[in-house]
Structure formats: structure tokens, C-alpha cells
Amino acid sequence: MNWYAIKAIYLFEMARAFRTLTQSIASPVLSTSLYFVVFGAAIGSRMGQVDGVSYGAFIIPGLIMLSLLSESISNASFGIYMPRWSGTIYEILSAPVSFVEVVIGYVGAATTKSIMVGALILLTARLFVDYEIQHPVWMLLFLFLTAVTFSMFGFIIGLWAEGFEKLQIIPLMVITPLTFLGGAFYSINMLPEFWQKVALLNPVVYLISGFRWSFYGVSDVNHYISLGMIVVFLFVCLGFIAWLFRTGYKLKQ
């Protein structure tokens, strides 16, 4: 394992994030804080409890997951797309570095930035809403695995995209709607029975449900099933990335 190469890629990506601190860190934290102000403090105080949890506290895991998914995809996709766009990707491909080391460097940096955003949002939420974390180890596990998995997914998008506009198609038109419909602001048990079954086809439901369970011990889906879904998606993304590097798709063209 070429740890020097991994470190070089990782530090380069982290340095880029800190050069654009306002866009990379401050912007998602500020925008999510507005959700806490509107839904948590203003509307939440006038709504009843959901599954025995105040509405303001209930939406915290969903909002963190919303930011985590979007930031993981954005950081990883932009990180690998820029070398493709500038042509410096060929320097990486010609270097004695395996695809595993390249993925660890880029995905590791994207994961770190996403977890930093998630942690800051969690701390910011305390200013507006009282909450508890009943299972902190599980919370960290869901946070880490989700960030890694969707950073890999973003890495795939960055290899697939042919322009800057395509980097935003899947996050804006697929991931964000699935997150809003995945129980970020409500429990799927509040839906009619037919739509509850339809909602279970949404993979984001399992992510939010498991993450919410780590906070309050309540969930729409068993947390072991949620964990299993994340692990399966992680290995699917890893296998697809391995295929991309093996075939050179969008890399050697």
C-alpha cells in the first residue's frame, strides 16, 4: 500500500476544501440551520410529538442525513472530476498507484469533509432544539458508513459526468427528492398503508431510519436492516469503481 500517495491525494483535497471554507463548510451548515429555525423552533413548537419525540428533535437526524448525502456526493464528484477536466488525471493513472489507493485518497477526503459538516450541524442544532443520542456508537457508525458509501457514489458520478452541469443532475434530481420522501421530516408510519409499502422501495428510508434510531431508539425499519442496506450499497459502489478503473471507462479516453 502506497501510503505516501494516499496522503498526498488526501492532503491536496483537504487543502482545497479549506481554501473554499465558506462554500465547503459554512454554506451547508448555515442552510441547514435555517431548517432548524423554521421547522424546529417556529413550526415544531406548534406541532405534537412524532413517535414520542418532539417534532423539532425528530427532524434532526433527517436534516443531518440530507446534508451528509449531498455533501458526500458533491465533495467526491468534484474532487475526481477536476483532474479529468484539467488533464492531470493522467499523471495519477501513470503513477505507481493502484485504484484502491486513489479511491482511499479521494473518498477519504470527501468523507472527512462530510463528517465535519455533519458534526457542525449536530452542534448547531443544540442552539435551537434539545435532543439526545441514546446509541452514540451506532450513530457514529451510521454517520461514517453513510459518508463513505455516498462519497464512493459521488466518485462514480465524477467519473461519469462529462460537464459541470452533469455533476448536479443526480444530487438535485434524484438524491434530494428521495431524501425528502424518505422520512426526513416525517415517519413513514404516518402514511397510508399502501404508501408505506411504496416508501420502503426508497433506499434513503433505511439510512434515515437507522440514523434516527441511534438518536431516539425509534425507527420505521429495523436498524440491523438499515445497516445491512448501507453495507450492500457500499460494496456495490466499490465493485463498480473497480470495474471503471479496470476498463478505463471515462479515464483513458
Taking only the C-alpha atoms, wrap a convex hull around segment 54-100 and report its volume per residue in Å³ as a whole number.
65
With a cut-off of 8 Å between alpha carbons and a minimum separation of six or more residues, what is the relative contact order of the chain in percent?
26
Give or take rounding to whole Å, what are the principal axis extents of the alpha carbon atoms in segment 3-247, in descending order?
59, 36, 34
Output ³J(HN,Hα) for segment 62-69: one whole-Hz value per residue in order, computed from phi by the Karplus curve 6.51 cos²θ - 1.76 cosθ + 1.60 with θ = phi - 60°, and x for Gly and Pro.
x, 5, 5, 5, 4, 5, 4, 5
Determine the relative contact order of segment 92-242: mean sequence separation of Cα pairs under 8 Å and six or more apart, normalised by residue count, in whole percent.
30
Once phi is turned into ³J(HN,Hα) by the Karplus curve 6.51 cos²θ - 1.76 cosθ + 1.60 with θ = phi - 60°, what whole-Hz value does each residue of segment 213-219 show in order, with x for glycine and proline?
4, 5, 7, 10, x, 10, 7
Lysine-lysine proximity count for the chain, Cα under 23 Å, sequence distance 8 or more or distinct chains
4
Once you've got the GNM for the chain with C-alpha springs shorter than 10 Å, pick whichever of 25, 157, 89 has the biggest mean-square fluctuation.
89
With a 10 Å cut-off between alpha carbons and a GNM built on the chain, which of 190, 116, 152 moves the most?
190
Over the chain, with a Gaussian network built from C-alpha contacts below 10 Å, which listed residue (110, 125, 95) shows the highest mean-square fluctuation?
95
Estimated [θ] at 222 nm from DSSP helical runs (n ≥ 4, -39500 (n - 2.57)) normalised by residues in the chain, nearest 500:
-21500 deg cm²/dmol
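None of the figures in this text is laboratory data; all of them are computed from the coordinates on show. These numbers come from a predicted model, not from an experiment.
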